[in-house]
1. Just subtract the alpha-carbon distance of I98 and A246 from 0.36 nm times their residue separation and send over the number in nm, one decimal.
2. With the crude spin-label approximation of a point 7 Å out along Cα→Cβ, what separation in nm comes out for S209 versus W19?
3. How many angstrom lie between the Cα centre of segment 1-65 and the Cα centre of segment 124-183?
4. Which far-off residues, 5 or more places away or on another chain, put their amide H under 5 Å from the one on G190, with H placed in the peptide plane?
5. Going by C-beta contacts inside 10 Å, put T129, T29 in order with the fewest on the left.
6. First measure r as the distance between the Cβ atoms of Q225 and A59, then evaluate 1/(1 + (r/R0)^6) with R0 = 51 Å and state the FRET efficiency to the nearest 0.05.
7. Run the dipole for the chain about the Cα centre, Lys and Arg Cβ at +1, Asp and Glu Cβ at -1, nothing else charged, and hand back the magnitude in debye, nearest 20.
8. Would you work out which of L167, T146, T223 lies farthest towards the positive end of the dipole of segment 3-278? Charges go on Cβ: Lys and Arg +1, Asp and Glu -1.
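What follows is calculated from the coordinates using simple rules that are stated; it is not laboratory data. What you see is a predicted model, and the numbers here were worked out from it, not measured in a lab. Positions of Cβ are generated from backbone atoms using ideal geometry, with glycine treated the same way; all protein chains shown enter the neighbour counts.
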Amino acid sequence: MNWLVAEQLRRNAARRDAWSDYAAHRAETTARIVAAARSQNDQLCVLGAGNGDDLDLPAITCAYGQSHLVDIDADALARGLDRQPASQRQNVRLHGGIDLTGCWQLLANRPRGTALSDAEIEQILERSTSGQRMELPGRFDVVASTCVISQVIDSVVLALGPTHPRLLEVVLALRTNHLRLMAGRLVPGGRAVLVTDFVSSDTLPSLRSEHEPDWAALLAQITAQGNFFHGLNPRNLLAVFKTDPALAARAIDARLTGLWRWRQARRVYAVAAIEFDAIACG
Ligand SMILES: C[S@@+](CC[C@H](N)C(=O)[O-])C[C@H]1O[C@@H](n2cnc3c(N)ncnc32)[C@H](O)[C@@H]1O
């Protein structure tokens, strides 16, 4: 097993008892996924479902005909499903062991902390672009991505190191490819729900305040200060839908549909929900 996969498995196992920490975040995430269903026969795909702590599966399985949960960590998916009553499990399919980037094998090709060469970076960029051929059944009415894009980006930071001269280039490529993957897996007219953490109280201590943030001011502040996870400022994410030709050709109406705080034991995260639709004649 490559060390990036081992690291995700370790993180998921460490969070296995975090269900109650996720309550408010789970409610926000689930509400958007449930609201995106247009018929009870709809097919849902959740990317990065992991332990399932941010998914109220009974509510989701009521809203959808079938739910496909995807993650690199098959054990985490099984743990999440095991918590559900047997009656809620029958319309859920698990797809473990799937690397959503298509390039983790290359990213983790060398021991952790070893610099990657330009030739290796080129291969990673090439693989991540062509790595959209996930072993999943067809396309879906709704594709949700639940706080996996920040982990994908973190994996680039872990593999390249925080000072690698090509770090941002690779981060932005994997970010765009994740959005393309979501768009590419939608049926015409389908809907995508991207949920992502974008800054934490480690660098923005005001997130710990008792009071609800003034979100417009917070977005302006993090933008001015460059204080957000690489590539994940919600404003910049929305801009990608205009600047990337592949996304512009498939996705319409990208919009910010929510901003909330996700309180964990050691830090508080700011989280954004961005939704978009696949062009109906696609
Ligand atoms: C922070 S967790 C998200 C929370 C998760 N939805 C839950 O409720 O437990 C990120 C998830 O993304 C998965 N992940 C990270 N990188 C991945 C990749 N390249 N391919 C597939 N899954 C990945 C991790 O295994 C983890 O389960």
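1. Values: separation 148, 0.36 × 148 = 53.28 nm, distance 2.30 nm.
Separation in residues times 0.36 nm, less the Cα-Cα distance, equals 51.0 nm.
2. Taking the simple label geometry, S209 and W19 are separated by 3.4 nm.
3. 18 Å
4. Here the answer is A278, since their amide H atoms fall under 5 Å of that of G190.
5. Numbers: T129 16, T29 27.
Ascending number of Cβ neighbours within 10 Å: T129, T29.
6. Numbers: r = 37 Å, r/R0 = 0.73.
Using R0 = 51 Å, I get an efficiency of 0.85.
7. On the way: 30 positive and 30 negative charges, 30 e Å.
The dipole of the chain has a size of about 140 debye.
8. The residue sitting farthest along the positive end of the dipole is T146.
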